[in-house]
């Protein structure tokens, strides 16, 4: 969601801050701002509604100078999108604050501060932080760190926040609770950000703050204190992310680029993890074999697209490995009075590893007796990875488009490898089946190239959706979750209302929606449920529905009035859910182009959902 960038340097930092915000634009936001301490000791603040470019233009016009500063892109939670509600927020002319997250007791704190004489200029929860810091400094004196530590003790909720005081320009102070922060380590300069991607143009060395950490960052020193206030050391890590990940190259949009990167992304997922005839068990980390051998049940927790990946994995765990599996939305799981099963492995899935509900569910489950926790994630060093017993990196690479594509398919591939590893260790999968899975995965990147070859055909097909406002997706078995994911993609970026149903549920209500204006998109591989699916398709045809069937070329479909067939090459049923995902992504992309929407940054959405 919101993005934070901070810097303490001997050089002017305004352009560094703006460049960092540009690198975080993919997260989604409605306003941007920065504050810099100037050489004459003033605090120069600029805020603009809309894109970072508006802020960048203002910085260029006013020649902002100064070596200590903070910047922010805001995604509205409390208060409408406006310049007044944009960050940084200030108390008087001294204190400036940027903040990600939600302060749950902000109303009570606001009332207390108003009684003390503070005047609020925004509707945000964030403004209470800067006034509290100012109050603590005025009442108790001392330095900014001490005042900030006292302030943090009064806050309830989630926050990644950075504070600066123009009277103490030599450092920034920061705190992390439920919202990520990372320190970028330079030479004679240091930085802060909510995502390491923001800082790759100035450093590749990072320290990830842990839950409850408070840090003081100056040009030459970094001090970190844990939740108890004790000084602690956190490991420095070298980033392997490539700086050109944020370059669209030959592609029109990041989403288009990331769709076409999927074969390469899967090659990275498999590297050093796939033997010629086996899944290499050591890929899952130290202690994995013992944990997998004891697992009698799998509980998957995730949100959004990652949840849909989990739904597919449930079919795989039960049909391939013979292990019971449940899947639940993290925001529901964490508030339900659930019962944990004996020897149950908690499996969380997240692209960012900072999804607030998934993290909260993980922490709760660890208190409630789960045998172990494992994360499937794309971001090394993220909170989910650090707080889990085991972690498996999808290696999708940086994903900029808000609508997830390569993160989803690499999650699916990772889950299939996990299913195989668990089944093998428990002797539920024999060597023959393991060798078949390994061979199929080896061939998967080339298989996906065949799906991408349908791009032009799907582009033409998308023209039928130009005037449509609703769509229905159908699938059966493990392709029902693929239909759910396809509907999510279409609604996310084209703003067409789309739903997905298990095809067998048509008679139980959805048939009432069918008419000539309701396109029905069907995922139809050649599997054991094909004949059942054909019966469901006939139910739609009989009611005048317009069908678009993405079918295996051997499935026996013939195009006719009211039914267009997109004949797909036959692929192994093990990886068919991954294969059929790509044409669904391409359909959503081309429909969005026709609709003229913002493909990479759809309205009201953010890439990393780090608040409830």
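Read-outs: derived from the displayed coordinates by stated rules, not from any lab. Quantities reported herein were computed from a predicted structural model and do not represent experimental measurements. Please note: Cβ atoms are built from the backbone with ideal geometry, for glycine as well, and neighbour counts cover all protein chains shown.
Any chance you could run the full-extension gain for residue 368 through residue 282? It's 0.36 nm times the residue separation minus the Cα-Cα distance, nm to one decimal.
Values: separation 86, 0.36 × 86 = 30.96 nm, distance 2.79 nm.
Stretched fully, the residue 368-residue 282 segment lengthens by 28.2 nm.
The label-point distance for residue 123 and residue 170, in a model that sets each label 7 Å from Cα toward Cβ, rounds to 4.2 nm. Shape analysis of the range 43-87 yields a ratio of the Cα radius of gyration to the Kirkwood radius, Rg/Rh, of 0.97. Net length available on complete extension from residue 293 to residue 499 is 70.3 nm, with 0.36 nm assigned per residue and the Cα-Cα distance removed. To test your reading of the geometry: what angle, between 0 and 90 degrees and rounded to tens, separates the Cα axis of helix 127-140 from the longest principal axis of the chain? Approximately 30 degrees, to the nearest 10.
Restricting to the range 254-595, what percent of DSSP beta bridges are antiparallel, rounded to 5? Rounded to the nearest five, the antiparallel share is 5 percent.
Distance from the alpha carbon centroid of the range 579-597 to that of the range 200-235 works out to 42 angstrom. Tell me whether the range 264-422 comes out rounded, prolate or oblate; compute the Cα gyration tensor, take square roots of the eigenvalues as a ≥ b ≥ c, and use a/c under 1.5 as the rounded threshold. Taking the square roots of the gyration eigenvalues as a ≥ b ≥ c, the range 264-422 is oblate. Working from the Cα coordinates of the chain, the gyration tensor eigenvalues give, after taking √(5λ), semi-axes of 45, 27, 22 Å in decreasing order. For the range 285-372, the Kirkwood radius over C-alpha pairs fed into Stokes-Einstein at 25 °C and 0.890 mPa s yields D = 187 µm² per second. Taking R0 as 41 Å, what FRET efficiency do you get between residue 604 and residue 234 from their Cβ-Cβ distance, rounded to the nearest 0.05? Plugging the Cβ-Cβ distance into 1/(1 + (r/R0)^6) gives 0.70.
Working from label points 7 Å from Cα in the Cα-to-Cβ sense, the residue 332 to residue 464 distance is 3.2 nm.
Among bridges DSSP assigns within the chain, what percent are antiparallel (round to 5)?
Working: 63 of 106 bridges.
Counting only bridges with both partners in the chain, antiparallel ones make up about 60 percent.
Per-residue Cβ neighbour counts within 10 Å put 495, 501 in the sequence 495, 501, beginning with the fewest. For the chain, the 222 nm mean residue ellipticity estimated from helices alone, with every DSSP H stretch of n ≥ 4 adding -39500 (n - 2.57) and the total spread over all residues, rounds to -10500 deg cm²/dmol. Rounded to the nearest 0.05, what FRET efficiency do residue 319 and residue 251 have when you use their Cβ-Cβ distance and R0 = 35 Å? Computed FRET efficiency for residue 319 and residue 251 comes out at 0.45. Here the Debye sum runs over all C-alpha atoms of the range 254-595 as equal scatterers in vacuum, and log10 of I(q)/I(0) at q = 0.10 Å⁻¹ comes out as -0.57.
Given axes a ≥ b ≥ c from the Cα gyration tensor, I'd like to know whether the range 453-575 is rounded (a/c under 1.5), prolate (a/b larger than b/c) or oblate. Don't skip to the end; give the middle numbers.
Working: a/c = 1.32, a/b = 1.13, b/c = 1.17.
Judged from the Cα gyration tensor, the range 453-575 comes out rounded (a/c under 1.5).
Determine the shape class of the range 3-238: with a ≥ b ≥ c the square roots of the Cα gyration tensor eigenvalues, call it rounded for a/c under 1.5, and otherwise prolate if a/b is greater than b/c, oblate otherwise. Because its axes are fairly even, with a/c under 1.5, the range 3-238 counts as rounded.
Of the residues 72, 508, 590, 442, the one with the fewest other Cβ atoms within 10 Å heads the list, and the complete ranking is 508, 442, 590, 72.
For 62, 420, 77, what ranking results if the residue with the fewest other Cβ atoms within 10 Å of its Cβ goes first?
Details: 62 11, 420 24, 77 16.
In order of increasing Cβ crowding within 10 Å: 62, 77, 420.
Under the simplified labelling scheme, the residue 40-residue 386 pair shows an inter-label distance of 4.1 nm, with each label point 7 Å from Cα along Cα→Cβ. Name all residues of the range 546-581 having a backbone nitrogen under 18 Å from the label point set 7 Å from the Cα of residue 439 along its Cα→Cβ direction, giving them as ranges. In the range 546-581, the label zone of residue 439 (backbone N under 18 Å from the point 7 Å along Cα→Cβ) covers 570-576. Normalised by 2.2 N^0.38 Å, where N is the number of residues, the alpha-carbon radius of gyration of the range 348-450 equals 1.20.
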